[in-house]
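To start, the structure under review is shown below, and the notes come after it.
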Ligand SMILES: [Zn+2]
Ligand SMILES: [Zn+2]
């Protein structure tokens, strides 16, 4: 049977990325982040468990923690592809240049319209989709939702759309 | 079994609201809108078939056609409730005052953060959720998605969140 879950934001505290994703957990003496499960910790765990591929199609990408998970995945051999909006590449705090400098492939639209999606497909098996941009404000400020589903029909549709945009935004 | 569908934007043309939602269809002599099924026409049809309730929780609301469907639903006795972002109420083209003047209940957050959801629950039975704000730019400009589902577990979660925000934003 399909697994479907919804997570809502804002979280009252920012989850500790080390605690939820590192084998050794958090080694900070006085960690200022939360060790209690919340919406962000669920997202951390979903992203950190990728083994084959991560197709990220997100309008705004400024959150350093979530970007860290992409870079870590890339380093352990996961095929990470990122599509974002061209206007966002040079925005304050954009993580695009950091991703590129680490060797993660990032493509953008070339249009004054928005590449406004906020979805990720993990291992071509799990869809994460909703209103949530990858920003600190989305985590602890805004009202946001993410729907997590492994319905294969649904996942296939988003994979297909990702591939379509990936080719459309090929700079060659 | 659950029905799940995805629609992607942009559409190449704006769908004719009369053609897809009116009993008599489109009576315009030289209609400049599209009579071919597309993503917007699917959204029109989902919204126009509501019989009991429409819970709309959408960050930006400037599209007059989609607003018309809410007002028409309200007039035929559907309980229409709208939640949007307070900063958007006075934005150019906002349809909030039009909705209110027609008697549709609209509530907003009172925060500098965003009420950033873009979901609708129809008849407590169908969820429409994604990146899509109710703007003309989202229809024919941006890359956007809407996931449509009648998975009852999922729908219940969004209903519950809507009720939570509806009470939270009670101006009384
Ligand atoms: Zn910690
Ligand atoms: Zn027409």
Subject >> Enumeration of residues in the range B:134-153 that are in a helix (DSSP H, G or I) and surrounded by fewer than 22 Cβ atoms within 10 Å (Cβ to Cβ) >> reply: B:136, B:137, B:140, B:152, B:153
Original post:
For the range B:133-145, how many residues are touching a helix residue (DSSP H, G or I) at 6+ places or on another chain (Cβ under 7 Å) and more than 8 Å from every other protein chain (Cβ to nearest Cβ)?
Top reply: 2
Original post:
Looking at (1) under 30 Å from residue A:37 (Cβ atoms); (2) within 11 Å of chain B (Cβ to nearest Cβ); (3) in contact (Cβ under 8 Å) with a residue 40 or more places away in the chain, which is the only condition residue A:150 fails?
Top reply: (2)
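Can we say residue B:26 is over 28 Å from residue A:119 (Cβ atoms), crowded, with 17+ Cβ neighbours inside 10 Å and within 16 Å of ligand 2 (Cβ to nearest atom)? If you could, list the steps in order and put the result at the bottom.
On the way: over 28 Å from residue A:119 (Cβ atoms): yes; crowded, with 17+ Cβ neighbours inside 10 Å: no; within 16 Å of ligand 2 (Cβ to nearest atom): yes.
Here the answer is no, as residue B:26 does not meet what is asked.
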Original post:
Could you give every pair whose Cβ atoms fall below 8 Å, whose first residue belongs to the range B:24-43 and is touching a residue at least 60 places away in the same chain (Cβ under 8 Å) and away from chain A (no Cβ under 14 Å), and whose second residue is within 11 Å of ligand 2 (Cβ to nearest atom) and outside any loop (DSSP other than H, G, I, E, B), counting only separations of at least 6 or pairs across chains?
Top reply: B:40/B:15
Original post:
What number goes with the only condition from (1) at pLDDT below 95; (2) touching a helix residue (DSSP H, G or I) at 6+ places or on another chain (Cβ under 6 Å) that residue A:102 does not pass?
Top reply: (1)
**OP:** Go through the residues of the range B:27-41 one by one and say whether even a single one is within 17 Å of residue B:133 (Cβ to Cβ) and away from ligand 1 (no atom under 16 Å from the Cβ).
**Re:** yes
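Just the residues that are assigned to a loop (DSSP other than H, G, I, E, B), within 14 Å of chain B (Cβ to nearest Cβ) and out of contact with any strand residue (DSSP E or B) (no Cβ under 8 Å at 6 or more places or on another chain), please, taken from the range A:75-125. Talk me through it step by step, then tell me what you get.
Start the filter on the range A:75-125 by keeping residues that are assigned to a loop (DSSP other than H, G, I, E, B), which leaves A:76-78, A:85, A:90-95, A:102-104, A:109-114, A:116-117, A:123-125.
Right, trim to within 14 Å of chain B (Cβ to nearest Cβ) and you get A:85, A:109-114, A:116-117.
Selection gives A:110, A:111, A:112.
Against the condition more than 16 Å from ligand 2 (Cβ to nearest atom), within 14 Å of chain B (Cβ to nearest Cβ), in contact with a helix residue (DSSP H, G or I) (Cβ under 6 Å, 6 or more places away or on another chain) and within 29 Å of residue A:152 (Cβ to Cβ), how does residue A:6 come out, does it pass?
Here the answer is yes, as residue A:6 does meet what is asked.
The values are calculated or read from the model by the stated rules, or taken from the named source; none is laboratory data. Computed from a predicted structure; not experimentally measured. With ideal geometry, Cβ positions are generated from the backbone for all residues, glycine too; neighbour counts draw on all protein chains shown.
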